Amino acid sequence: GLNYSNLAAAKFDFNASILVLVFVVLGGLGNIFKGCLGYGFWVLAFAFILVAVIQGFHRGRPVAWRTTAALILPIIISALCDLLFGKLEFVPADGLENIYVGGQTMICGGVIGGLLSYVCKLALGAFGSTVILFILLVIFLMAALNVTPKKIKQWSSEREKTEYELEPDADKPLVNIP
């Protein structure tokens, strides 16, 4: 049998990941991703680059959650954009073909984003869905970038605070009105 203890990950090849990215975004898989993600397709390249950076520079730290969060970002953005800017409404009786073609022509969130926005709209309404998806976008973006509220507070408290001095002419109006 196979002895899995002898398996080791190959050294990360950043150039190969860029070639795969170019093939996926510009090549034949691009239309499939457009049909599935619609508006989220434009974020997919950035998500793949972010995953490559996360995987390339993890230095032994666990990065499964960060990688997953980065890959979920295009889906959330697709659903959020479908809610806000979508020109094509999903009708269950019509099937998925309409929103797949709509995603390819970039007039909706595609199959995945369209279905997610449709289900969210049914459950929470348009406004509630927008708020929840925006909150999820912030959470997953923070997770992908390894930013926590504690780090944000720390950065904010360490920031240099500039004291502003009033100029002597501050009491005079800028424009004299007769």
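The values are calculated or read from the model by the stated rules, or taken from the named source; none is laboratory data. Please read all numbers here as calculations on a predicted model, not as lab measurements. Cβ: placed from backbone, ideal geometry, glycine included. Neighbour counts: every protein chain shown. With ligands, DNA and RNA removed, areas are computed over all heavy atoms of the protein, side chains included. Shrake-Rupley method; radii C 1.70, N 1.55, O 1.52, S 1.80 Å.
In region 54-94, which chymotrypsin sites (Phe, Trp or Tyr not before Pro) fall in coil by DSSP and have 16 or fewer other Cβ atoms within 10 Å?
Values: sites: PHE57, TRP65, PHE85, PHE90; in loops: PHE57, PHE90.
For chymotrypsin sites (Phe, Trp or Tyr not before Pro) across region 54-94 that sit outside H, G, I, E and B with at most 16 neighbouring Cβ atoms in 10 Å, the list reads PHE57.
For the pair GLU165 and ASP94, label points projected 7 Å from Cα toward Cβ lie 6.6 nm apart. Of the residues ARG66, ARG159, ARG59, the one with the largest accessible area comes first in the ranking ARG59, ARG159, ARG66, computed with a 1.4 Å probe on protein heavy atoms. Sorted into 5 angstrom bins from 0, the C-alpha pair distances of region 66-167 split as 2, 13, 18, 16, 13, 11, 7, 6, 5, 4, 3, 1, 0, 0 percent.
Round to the nearest 0.05 the FRET efficiency obtained for LYS151 and TRP42 when R0 = 25 Å and r is the Cβ-Cβ distance. Spell out each step's value before the answer.
Numbers: r = 28 Å, r/R0 = 1.12.
Step by step, r from the Cβ atoms, then E = 0.35.
Past the 17 angstrom mark, what percentage of all C-alpha to C-alpha distances in region 110-150 do you count? In whole percent, the long-distance tail amounts to 40.
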